[in-house]
1. Principal axis lengths of the range A:58-119 from Cα atoms, whole Å, largest first?
2. Using only Cα atoms, tell me the angle between helix B:362-372 and the longest principal axis of chain B; keep it within 0 to 90° and round to the nearest 10.
3. Let me know the shape class of the range B:132-286, please: from the alpha-carbon gyration tensor, a ≥ b ≥ c as square roots of the eigenvalues, rounded when a/c is under 1.5, otherwise prolate if a/b is greater than b/c, or oblate.
4. Inside 10 Å of the C-beta atoms of A:328-341, what's the mean count of C-beta atoms belonging to other chains?
5. Regarding the range B:199-321, what's the average projected area of the Cα-atom convex hull, expressed in nm²?
6. Show me the three semi-axes of the equivalent ellipsoid for chain B, from the C-alpha gyration tensor (sqrt of 5 times each eigenvalue), largest first, rounded to whole Å.
7. Considering the convex hull of the alpha carbon atoms of the range B:115-179, report its projected area averaged over all viewing directions, in nm², one decimal.
8. For peptide B:319-325, what's the mean number of Cβ atoms from other chains within 10 Å of each residue's Cβ?
There are 2 protein chains.
Amino acid sequence: MVSRTFEFELIATDPETKARAGILHTSHGHVETPVFMPVGTQGTVKTLSQEDLQSLGAEIILGNTYHLYLRPGINVIEEAGCLHRFMNWDRAILTDSGGFQVFSLAELNKITDEGMRFQSHIDGSRHQFTPESATRIQHIINADIIMAFDECIAYPATPSEIHDAGERTLRWAERCLKVHREESDGSSSLFGIIQGGTSEDLRKHFAEKTVELGFDGYAVGGLSVGEPKRMLFDMVDVTIPFLPMDRPRYLMGVGFPEDIIRCVAHGIDMFDCVMPTRNARNGTVFTSNGRLVIKNAHEARQFIPIDERCKCIVCKNYTRAYIRHLFNAGETLALRLATIHSLTFYLNMMREIRRAIIEGCFGKWRREFFENYHEDSQYSEPAGKVSTI
Amino acid sequence: MVSRTFEFELIATDPETKARAGILHTSHGHVETPVFMPVGTQGTVKTLSQEDLQSLGAEIILGNTYHLYLRPGINVIEEAGCLHRFMNWDRAILTDSGGFQVFSLAELNKITDEGMRFQSHIDGSRHQFTPESATRIQHIINADIIMAFDECIAYPATPSEIHDAGERTLRWAERCLKVHREESDGSSSLFGIIQGGTSEDLRKHFAEKTVELGFDGYAVGGLSVGEPKRMLFDMVDVTIPFLPMDRPRYLMGVGFPEDIIRCVAHGIDMFDCVMPTRNARNGTVFTSNGRLVIKNAHEARQFIPIDERCKCIVCKNYTRAYIRHLFNAGETLALRLATIHSLTFYLNMMREIRRAIIEGCFGKWRREFFENYHEDSQYSEPAGKVSTI
């Protein structure tokens with residue numbers, strides 16, 4: 001059975017670029033696109049409560065199947081009813097399939113056509129994910145959007161490695177679809193993932209083949225794994241023309257504000273990344289002028305908000321000097337305040353992008369954004385390995 | 001100059017016990033007593049934002065002069081205007097004098113009549129607190145209630161050690177009063193601290209002598225440092241009759257819910273302790289049935305609130321199973337949720353105690369409380385060393 005409730009509604013397209021605005025209709029409310037999905041790896045967006053996320057206006061968050069399967073364990077989530085009920089989040093959830101975390105975190109013992117055998121990064125226990133089990137686990141989690149189980153490879157890779165992993169991903173995609181069609185209760189939609197490494201030809205090939213299988217949405221996967229940033233944009237650019245207009249497009253694991261804006265212009269609708277949340281916990285926040293290392297000694301006497309233009313509760317109520325003190329003194333409130341600010345920055349940026357697309361002025365908005373926003377060259381090239389947990 | 005704004009209003013006394021209900025009027029609003037003051041050592045009640053504290057209904061919090069002096073440094077707080085502005089807390093603040101932390105945390109180099117020389121526990125840097133400087137630092141912090149600089153001694157101590165430290169505390173108290181009367185702008189009130197170790201005679205002596213000096217309020221100090229709990233109650237009991245009815249009475253560093261209830265019955269108005277907040281961060285919360293180790297494996301599938309009778313946001317929105325998962329997975333949200341719950345428990349208990357005193361049924365309320373509340377004998381005797389940071 002396919003999703004009963006999922007639908008992607010295209011609202012507007014930008015005349016200047018390929019940018020689009022839309023709405024994802026899910027079993028847990030609607031999600032306005034383009035959207036940035038905060039990463040809630042272990043059933044919590046680190047440092048925030050679900051009340052915090054609601055205050056931020058988050059309409060969808062991401063959960064990691066690999067982590068949730070290991071801890072609290074899928075049986076606990078099943079007993080709770082679903083992940084929404086377990087964590088008390090009644091808006092939409094997307095889960096990845098677990099493949100990327102096996103690739104990046106676990107001790108991978110063996111990949112065969114059957115699936116992946118791995119050892120837990122927590123306790124070394126042995127497990128196996130198959131396309132079938134990864135789909136069923138996501139059904140139990142009851143995410144609104146679930147991802148097909150795919151094989152992600154490292155950068156750089158040889159053409160034959162890229163080809164083989166992509167072909168296996170395709171075979172797995174069919175098996176995920178079969179289980180999903182037979183067993184889903186209709187509350188989840190299934191997205192396919194397009195691999196193809198940094199090969200233009202293979203990206204095109206796998207895009208065509210994946211779309212032929214017929215998913216509810218399509219993700220561009222296997223990027224943000226260390227390739228130069230130029231390649232990331234190129235791969236998005238060659239893939240997009242093969243994707244149907246009436247399905248949402250999700251670029252996994254991206255990224256910096258400037259990258260998101262560029263990829264929106266390429267026609268991407270959905271993003272996720274640990275960037276705002278992990279950087280916040282490390283003492284770096286995003287502002288309308290660029291990145292700010294809030295924990296620097298320089299901030300110790302700056303009795304001004306993180307970002308004068310920001311209307312978030314942190315910028316309204318707390319100074320850089322206070323937040324810097326909290327970081328310096330090892331107080332966990334520092335992590336939450338920085339996270340609230342940076343997620344507000346990301347989510348507001350997405351709302352502004354969407355409004356600009358609908359009003360037909362995305363190009364103008366983008367130029368104005370970059371007049372203020374200073375890209376940090378240290379972080380711009382290459383992309384660097386950014387894991388999604 | 002004495003405090004222009006501070007006043008203690010006695011509202012009701014319990015017919016059965018010495019319990020009293022009152023109101024502290026401060027420069028930053030009124031504080032209903034008996035009151036429990038959450039400990040905000042470094043300008044933050046650990047894991048909570050000031051919005052959280054307001055939601056809990058906290059009317060006063062405690063700051064630690066020793067910590068704030070070292071970090072962020074008194075100049076930073078002075079530049080911010082005061083601690084209230086630095087941390088964005090517009091309700092009342094009480095600061096200790098720093099003496100207890102020098103005693104319990106710093107490397108103490110020398111105590112003389114002049115003051116205490118010590119080395120920072122953070123970086124080993126050398127400093128000195130005197131009665132004068134401790135008072136002036138607290139004026140800069142601009143706490144609503146500031147404490148006289150005292151000498152705390154360990155348990156057990158010889159009669160002559162207790163006597164000497166108490167006499168020095170008295171001499172220091174006079175010097176604190178002098179500086180306070182000459183230099184205060186009237187926004188802070190100064191409390192004296194009564195020492196005397198576990199000696200009934202010396203407690204009485206120092207109570208009389210301290211009260212003769214004339215403070216805005218009186219603290220029973222030097223307890224909760226390892227003495228048997230029976231002794232703590234005895235020392236409170238012998239001290240109280242020497243304290244004026246029209247001044248607030250503060251028992252420093254106490255304690256468990258059962259201890260607070262007993263000391264309210266002895267006539268204490270104000271309490272502070274790291275108990276609810278530190279225990280919460282270690283995975284133990286307080287409930288109407290007693291203490292609960294929320295991080296125990298037993299809670300992994302308990303899809304019920306921490307406390308069925310509690311109306312806090314945590315008990316309304318999250319299950320034990322979820323919070324236990326957060327502890328198990330090392331997520332900082334666990335610390336905040338446990339802290340919110342346990343502080344709610346403490347603050348609600350104080351509000352119930354106050355209402356019962358006003359309604360003349362404190363004895364009945366106390367009996368009913370202990371019908372449900374299971375005291376953990378493991379923690380009841382002896383008191384154990386509980387530092388106030």
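The values are calculated or read from the model by the stated rules, or taken from the named source; none is laboratory data. Since we're looking at a predicted model, the values are computed, not measured. With ideal geometry, Cβ positions are generated from the backbone for all residues, glycine too; neighbour counts draw on all protein chains shown. These accessible areas exclude ligands, DNA and RNA; they are computed on the full protein's heavy atoms, side chains included. Shrake-Rupley method; radii C 1.70, N 1.55, O 1.52, S 1.80 Å.
1. In descending order, the Cα extents are 37, 25, 19 Å.
2. 50
3. Oblate, since a/c reaches 1.5 and b/c is not below a/b.
4. The shielding value for this peptide is 4.
5. 9.3
6. Three semi-axes, in Å: 32, 24, 21.
7. It is 5.4 nm².
8. 5
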